[in-house]
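Have a look at the structure below, then the notes.
The values are calculated or read from the model by the stated rules, or taken from the named source; none is laboratory data. All values reported here derive from a predicted model rather than from experimental measurement. Neighbour counts run over all protein chains shown; Cβ positions are idealised from the backbone, glycine included. Accessible surface is based on the protein model in full, side chains and every heavy atom, while ligands, DNA and RNA are left aside. Shrake-Rupley method; radii C 1.70, N 1.55, O 1.52, S 1.80 Å.
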Amino acid sequence: SAYGLDVKYRTGFWGGKPVKMRLKELCEALAQFGIWVRLHYVYPYPSVDGVLPLMAEGKIVPYLDVPFQHANPRILKAMRRPAHAENTLERIYRWREICPDLTIRSTFITGFPGETDEDFEELLNFLEAAQLDRVGAFAYSPVEGAEANDLPGLPSAKVCEDRRRQLMSFQEDISADKLAAKIGSEITVLVDEVDDEGALARSTADAPEIDGLVYLDGFFDAQPGDFLRVRVIDADHHDLYAEISENNR
């Protein structure tokens, strides 16, 4: 998100044209390749706001991987992440106003030193309000040399893991509802593989090897790398099931 800050956003040249070294301009240049450009590990700096219109215009994939990590201000400060849940929620709502098709993936840590039951409940409340599309969670464990090792109030390993499981179960229902809402809609997918059962593809909402798949059972007339227009006919907690759209015939 801070791309170009270290060189004071100087202007370089690409394809014989001047291009400022800044996140928005980088994304605009990448969009010219005619490929799916997906942003991962994005910190919610103000510069990210300028990229959302590019997503709304279809120039880059409407997908952001933003590691929010937690929702409680005290825990975030201990993590050295100067963020506040209310500001984060406002930014998420604003992003979705600009690009309604935006998919947001994030990761969280449960059991960070000092996390209380109330702090964890605050995290669950954040997830309910944020309605994130994809979520991963890690139970905190000490890492050699980390400053967090010296912080007080480390929950037991069992508590850390129990909270992780509870968070993932809580989020699973949110994810399932969001996928179910896509049933009946038409989407564009990218084929990754064709096996004995049909084509395996991904939508713009699915990062490779991380998120779900779109299954086209019984459809074999495709090659990896093909873009297809499909209609979603079913969904589960992680994946979509679709059939080829009339628009491809």
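Per-structure values
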{"read-out": "In segment 143-185, the residues that are of a type in the set (A, V, I, L, M), within 30 Å of His238 (Cβ to Cβ) and open to solvent by less than 40 Å² (accessible area, probe 1.4 Å)", "value": "Leu167, Ile174, Ala176, Leu179"}
{"read-out": "Among the candidates Tyr140, Tyr63, residue that is among the aromatic types (Phe, Trp, Tyr), buried (at least 19 other Cβ atoms within 10 Å of the Cβ) and modelled with pLDDT under 95", "value": "Tyr140"}
{"read-out": "Subset tally (residues that are open to solvent by 80 Å² or more (accessible area, probe 1.4 Å) and either in contact with a strand residue (DSSP E or B) (Cβ under 9 Å, 6 or more places away or on another chain) or among the aromatic types (Phe, Trp, Tyr) (or both)) for segment 22-41", "value": "2"}
{"read-out": "Residue in segment 113-128 that is in contact (Cβ under 8 Å) with a residue 12 or more places away in the chain, open to solvent by 10 Å² or more (accessible area, probe 1.4 Å) and assigned to a strand (DSSP E or B) present", "value": "no"}
{"read-out": "Contacts under 6 angstrom Cβ, first residue in segment 158-175 being within 14 Å of Phe108 (Cβ to Cβ), partner of a type in the set (Phe, Trp, Tyr), 6 or more apart", "value": "Cys160/Tyr140; Arg163/Phe120"}
{"read-out": "Filtered residue count, segment 221-249, keeping only those that are more than 17 Å from Ala205 (Cα to Cα) and out of contact with any Phe, Trp or Tyr (no Cβ under 6 Å at 6 or more places or on another chain)", "value": "10"}
{"read-out": "Selected residue (only one of Arg229, Arg202 is open to solvent by 60 Å² or more (accessible area, probe 1.4 Å), within 23 Å of Met55 (Cα to Cα) and either among the hydroxyl-bearing types (Ser, Thr, Tyr) or in a strand (DSSP E or B) (or both))", "value": "Arg229"}
{"read-out": "Every pair of residues 6+ apart whose Cβ atoms lie under 6 Å, when the first sits in segment 66-85 and is under 18 Å from Pro155 (Cα atoms) while the second is assigned to a helix (DSSP H, G or I) and modelled with pLDDT under 90", "value": "Ala71/Ala85"}
{"read-out": "Enumeration of residues in segment 30-59 that are assigned to a loop (DSSP other than H, G, I, E, B) and within 16 Å of the chain's Cα centre (by Cα)", "value": "Trp36, Val37, Arg38, His40, Tyr41, Val42, Tyr43, Pro44, Tyr45"}
{"read-out": "Search result, residues across segment 84-104 that are under 24 Å from Glu121 (Cα atoms) and open to solvent by 40 Å² or more (accessible area, probe 1.4 Å)", "value": "His84, Glu86, Asn87, Glu90, Arg91, Tyr93"}
{"read-out": "Pro44, sole failed condition from (1) surrounded by fewer than 16 Cβ atoms within 10 Å (Cβ to Cβ); (2) at pLDDT below 95", "value": "(1)"}
{"read-out": "Breaking point among (1) open to solvent by less than 50 Å² (accessible area, probe 1.4 Å); (2) under 22 Å from Lys178 (Cα atoms); (3) not in a helix (DSSP H, G or I), for Val19", "value": "(2)"}
{"read-out": "Within segment 69-83, considering residues that are part of a loop (DSSP other than H, G, I, E, B) and modelled with pLDDT of 90 or more, the one surrounded by the fewest Cβ atoms within 10 Å (Cβ to Cβ)", "value": "Asn72"}
{"read-out": "Residues that are open to solvent by 20 Å² or more (accessible area, probe 1.4 Å) and more than 23 Å from the chain's Cα centre (by Cα), drawn from segment 205-225", "value": "Asp217, Gly218, Phe219, Phe220, Asp221, Gln223, Pro224"}
{"read-out": "Residue in segment 151-171 that is farther than 30 Å from Gln223 by Cβ and within 16 Å of the chain's Cα centre (by Cα) present", "value": "yes"}
